[in-house]
Structures are given as C-alpha cells and as structure tokens.
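S.K.: Following this message is one structure expressed as structure tokens.
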Amino acid sequence: MKFFNMKFFRFFKYFLCITFSFLVLSSPVFAGANVAVKGEGDEVPSYVRSNITGFDFHGEDLHLSSIAGAVARDADFSDVDLHGTTLTLSDLKGSNLNGIDLTDTLSDRVNFQKTDLRNAVLINMIASGSSFAGANIEGADFSYAILDNEDQRNLCKIADGINPTTGVSTRESLECS
C-alpha cells in the first residue's frame, strides 16, 4: 500500500508541475512589455527572454517578476527576494544565489548548475527538469519543493547545514533518508 501511495504522490506532483507549466507557458508574452505590476503603483521589471548575464541584483526586491527564458549566467542574485517569480527555462549557471528567496517559484527546466544556493529559501518551489549539478546548497531550505527524484537523491548526497532564516536543516527539507 505504501508503494502505491508513493507512486501516486509522485504522479500527482508530476501532473501538477506539467499543468502549471502549461498554463504559464501558454499565456501570451507581449513584445516590449518590460514591467509587471506588483500592487497599486508598484512595478517590477520583467526579464523574459533577456540576456542578463553578469548583472548585479544584490539585495533587490524582484518578487512576482518574471525571468522566464532568460540567460543570467554569473549574475549576482544574492539576498534577492524572488518569491512568486517565474524562472522557467532560465540559465543561471554559475550565479550567486546566496540567501535568495525562491519561495513559491515556478523554476522548472532551470539550469542551476554550479550556482551558490547557500542559505537559500526554496520552499514550495517547482523545479522539475532543473539541474543542480555542482551547486552549493549548504543551509538551503527545500521544504515542499518539487524536484526530480534523481536531483533529490543527488542533492541529499551533499546536503548539509541549517537555513538561518527558517531554522530547517537542508537534509530534513530534502527528506533525505
């Protein structure tokens, strides 16, 4: 019975991820649209399909923005608030994401290779099809994140530390056995 429940749960997570990805990717993107509205009078930049390689966003509040399809290699996103952001199909290889807040983000098929994810908050992140090879995840909180099984196993091999913001251990958040 437990085996069936695990298979069903994995299928359900996969189904939700695919459905959410379809909804996000099927929504229109308008050429020239470079801002999104957070709230009354608040605007956030949109970096959809942009080349922001090497940009310095350190400490900025970019929550609810969109960085979908962007090339952001070696960029500095340290201590950035990106909760609720769409990062789908982005390339963040080698970027500094130390202390970033990626809570509730759609981060499927993102290249997180060789990124610095130390002390990152990745709660409820959908990261199916993403790659974390060579990433530093010390103190990262992956609680309730949707990851591919292989990524989860590989991350468990290097999981260490406790997130200073949430107080959750990286191993616990990844449900490592």
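Taken together, the values in this text are just the output of simple stated rules run on the coordinates, not laboratory data. Note that the structure is a prediction, hence the values are computed from the model and not measured. As a convention, Cβ positions derive from the backbone with ideal geometry for all residues, glycine included, and neighbour counts pool all protein chains shown.
S.K.: Which of Asn124, Ile146, Ala159 sits farthest toward the positive end of the charge dipole of region 102-177, with +1 on the Cβ of Lys and Arg and -1 on the Cβ of Asp and Glu?
M.R.: Ala159
S.K.: Could you work out how far apart the two model spin labels at Ser177 and Tyr144 are, taking each label as a point 7 Å from the Cα in the direction of the beta carbon, and quote it in nm?
M.R.: If labels sit at Ser177 and Tyr144, their model points lie 2.5 nm apart.
S.K.: Which distance in Å, rounded to a whole number, links the C-alpha centroids of region 128-166 and region 69-101?
M.R.: Here the answer is 15 Å between Cα centres.
S.K.: Please report, in debye to the nearest 20, how large the charge dipole of region 85-153 is about its Cα centre when each Lys and Arg carries +1 at its beta carbon and each Asp and Glu carries -1 there. Don't skip to the answer; put the middle values down first.
M.R.: Values: 5 positive and 10 negative charges, 35 e Å.
For region 85-153, the charge dipole is close to 160 debye.
S.K.: HN-Hα J couplings of region 162-177 from phi, Karplus 6.51/-1.76/1.60, θ = phi - 60°, integer Hz, Gly and Pro as x?
M.R.: 10, 5, x, 8, 9, x, 9, 6, 4, 4, 5, 5, 8, 6, 6, 8
S.K.: Equivalent-ellipsoid semi-axes (√(5λ), Cα gyration tensor) for region 37-177, whole Å, largest first? Present the calculation step by step, with values, prior to reporting the outcome.
M.R.: Numbers: eigenvalues 106, 48, 36 Å².
Equivalent ellipsoid of region 37-177: 23, 16, 13 Å, largest first.
S.K.: Further question on the same structure: Lys and Arg at +1, Asp and Glu at -1: add these up for the other residues within a Cβ distance under 12 Å of Leu87 and post the number. Walk me through the intermediate numbers first.
M.R.: Details: positive: Arg109; negative: Asp91, Asp104, Asp108.
Net of charged neighbours comes to -2.
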